[in-house]
Amino acid sequence: MAPDSTRRLKRIALYLVMTFLVGAAVCAALAWRYGGAYAQDTIREKLQEIVSGHLNARLEMGAITYKYPMGVVARDVTLISTSPGEAEIALASFKELRLQLGRSPLSDGPLLIERIEIDEPTAHVIRDADRIRGMRKLLRDSDDLSRRSAPKLSDVFHLRHLKLRSARVQYEDRREATAVPLVWENLNVEMDSEPTGGAVHKYQFRAQAGTAAEIASTGALDIDTGVLEVEKFSLNATAGTAESQSSLPPAVQALMKRFGISGEVELQVAGTIPTRALSDAVVTTSVDIRKGQAALPESGTRLEGLEVSVKATVDHSKISARTGVIACRFGDTGLSIQPTDLSYDLANGHWSVSLLRAAVAHRPPEPARNLLTQPMTLALVAQASQGGSGRCAQVQLDGTRLTFDGTGEILNFDGMLVYDASILQLMPSSATCFGGRVALAGRYDTTTRAASLELQTDGLQLAPIKALVDPQEPAPMAGRLVGEVKLAIQGGSIDSLSGIGAARITEGKFGSVPILTGISKIIGLGQALFIASEARAQFAVGDKKVQFDRVSVSTAAVKVVGRGDIGFDESLNLRLYVASAKNWGKDVKNTDIPLLSDVGGSLVGGVETVINGVSRQISSITATGTLKSPVIRPDPAPLLTDSIRSLFSAERE
């Protein structure tokens with residue numbers, strides 16, 4: 001071929017190549033300019049179709065960037081509920097949403113999403129009395145999905161990874177006036193998912209809410225049916241009582257706030273949760289509190305070292321639970337509750353505690369001084385249940401034991417407590433203690449703090465009671481107590497205490513009672529005067545004192561009768577009459593007065609006969625001062641007036 005022809009062919013070829021390159025560049029520019037916009041519009045449309053096809057909601061987005069071949073970035077994204085019958089409300093918003101697709105967004109069919117990353121997502125959920133705002137009909141039902149021919153979620157999501165950065169979730173439960181918002185902020189979430197075929201995705205979930213809470217979960221989700229199988233969900237948080245927001249659910253918050261609970265909290269959940277029918281959920285959950293503190297309502301008593309463990313199963317509307325060992329201490333007292341079973345029916349509000357075993361150990365550091373500072377251990381065995389309308393409950397106590405460590409004395413108690421609305425009643429119950437029996441019943445109004453108590457005793461031994469009340473006093477006192485008393489108190493104030501009662505003590509030894517010791521000195525009969533004594537009293541309580549209508553102490557050698565009062569501050573104001581004789585004589589002995597021994601006989605009926613006898617005298621004595629330091633003063637010999645006669649003759653009644 002000639003050289004000119006060769007050069008001509010080369011120029012033609014170069015021209016064609018340049019023309020092709022220019023055309024390609026123009027086509028690429030046009031594709032970039034118009035194809036990118038087309039791809040972005042297509043992506044926007046397909047994302048909105050996914051949302052509107054399955055939810056009564058719409059997705060609003062700002063700028064969308066398509067990163068060829070499989071990347072999508074959307075900015076300023078907002079999910080808005082359009083639930084029928086409700087005002088529109090924004091449920092969530094994202095600063096930036098990044099998607100990694102499994103196929104080209106320009107291909108036929110819905111988007112196929114494999115990875116999701118979200119920056120600074122926020123969600124604000126509000127729970128009103130009857131609904132969660134915007135959530136009443138958020139999910140479209142199956143008939144609606146069929147009519148819309150919406151793609152199944154399993155056709156859209158082959159999700160392998162989800163990541164949230166700097167998320168904030170706020171939940172307000174406005175049914176609880178005292179609940180603070182549940183807030184998780186600075187929340188970083190990573191979830192790895194593995195499609196196992198069909199619609200089921202296994203997942204591993206991890207989240208950190210700043211320093212306030214750690215969350216982890218594993219399980220599986222059927223994204224078509226919405227059935228969530230939670231293998232394990234755990235929440236670890238540190239809770240305080242003065243927080244303006246909390247990382248704990250409102251129900252847990254309410255419990256912790258009512259009892260002032262703070263400490264380390266671990267919540268675990270496992271079970272099956274149909275997200276479209278939550279009432280059909282079957283869930284097992286556990287709550288553990290460690291290194292906790294708490295306060296009892298109203299009294300404000302602080303509990304330290306609180307350790308609580310509860311595991312519960314929720315099956316539809318029924319909750320069954322079992323506690324672990326619950327322990328705490330308050331002051332010098334420690335409490336431990338052994339594992340027990342509980343049940344609660346959400347449908348009718350009934351609950352029960354099958355068997356409660358608790359121990360209370362009181363260990364004061366100082367030597368015991370009185371009954372309230374005695375080292376003691378209470379072993380409680382109880383059953384409790386609640387049913388019917390209102391706040392009605394009952395507690396059955398069987399075999400409850402109170403052991404006073406210092407003396408070894410034991411109190412055994414059987415009875416029933418009934419709580420209805422604000423009234424706590426102790427039904428007629430019984431106890432054995434101090435060698436005798438006690439029958440008691442009472443009532444307490446938790447609103448007004450008014451209380452009443454009826455108490456009957458039979459054969460209680462005084463010696464161990466005195467050892468408990470005043471263990472540092474070595475002087476002996478003994479006897480057996482039979483009596484009854486009815487008491488009432490208003491507003492929780494001891495100054496308002498009122499009531500009436502009667503008591504009788506047999507086989508008495510009262511040589512250590514300061515008043516009787518003083519009387520012995522005055523009449524010159526010695527310390528042994530009040531051995532083998534019997535005593536009786538009728539009294540009323542009120543105006544901050546115990547008012548004795550009649551009080552008497554009888555022995556083979558002497559009888560003391562009188563009236564007066566003893567104040568709550570132990571002050572004395574008593575007028576006593578003492579009758580003594582070296583030899584009572586047959587006439588006096590046969591007067592058949594029940595309070596005197598066979599040896600002593602009675603003054604009643606015979607006192608006028610012997611009042612002038614040389615072996616007989618009546619002394620008048622005034623007792624003032626205090627119980628521990630009485631002032632005993634003899635008065636002039638009294639005339640045998642009707643008033644004095646009535647004190648002696650009253651013993652017949």
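General observations
- Summed residue charge, Cβ within 11 Å of D569's Cβ, Lys/Arg positive, Asp/Glu negative: 0
- Heavy-atom SASA rank of T218, T448 (probe 1.4 Å, accessible area, largest first): T448, T218
- Largest first and in whole Å, the equivalent-ellipsoid semi-axes of the range 61-143 read 30, 16, 10, each the square root of five times a Cα gyration tensor eigenvalue.
- Histogram of C-alpha separations across the range 31-94, 5 Å bin width, %: 4, 17, 24, 22, 15, 10, 6, 3, 1
- Surrounding net charge for V310, when Lys and Arg each add one and Asp and Glu each subtract one, Cβ distance under 10 Å: +1
- A probe of 1.4 angstrom, applied to the heavy atoms of all protein chains, finds T323 with accessible area near 20 square angstrom.
- Exposure of S496 as accessible area (Å², to 10), given a probe of 1.4 Å and all protein chains: 40
- Near D192: Cβ cut-off under 11 Å, other residues only, Lys/Arg at +1 and Asp/Glu at -1. The net charge is +3.
The values are calculated or read from the model by the stated rules, or taken from the named source; none is laboratory data. On a predicted model such as this, the values are computed, not experimentally measured, just so you know. Neighbour counts run over all protein chains shown; Cβ positions are idealised from the backbone, glycine included. In case anyone asks, the SASA skips ligands and DNA or RNA and just uses the protein heavy atoms, side chains included. Shrake-Rupley method; radii C 1.70, N 1.55, O 1.52, S 1.80 Å.
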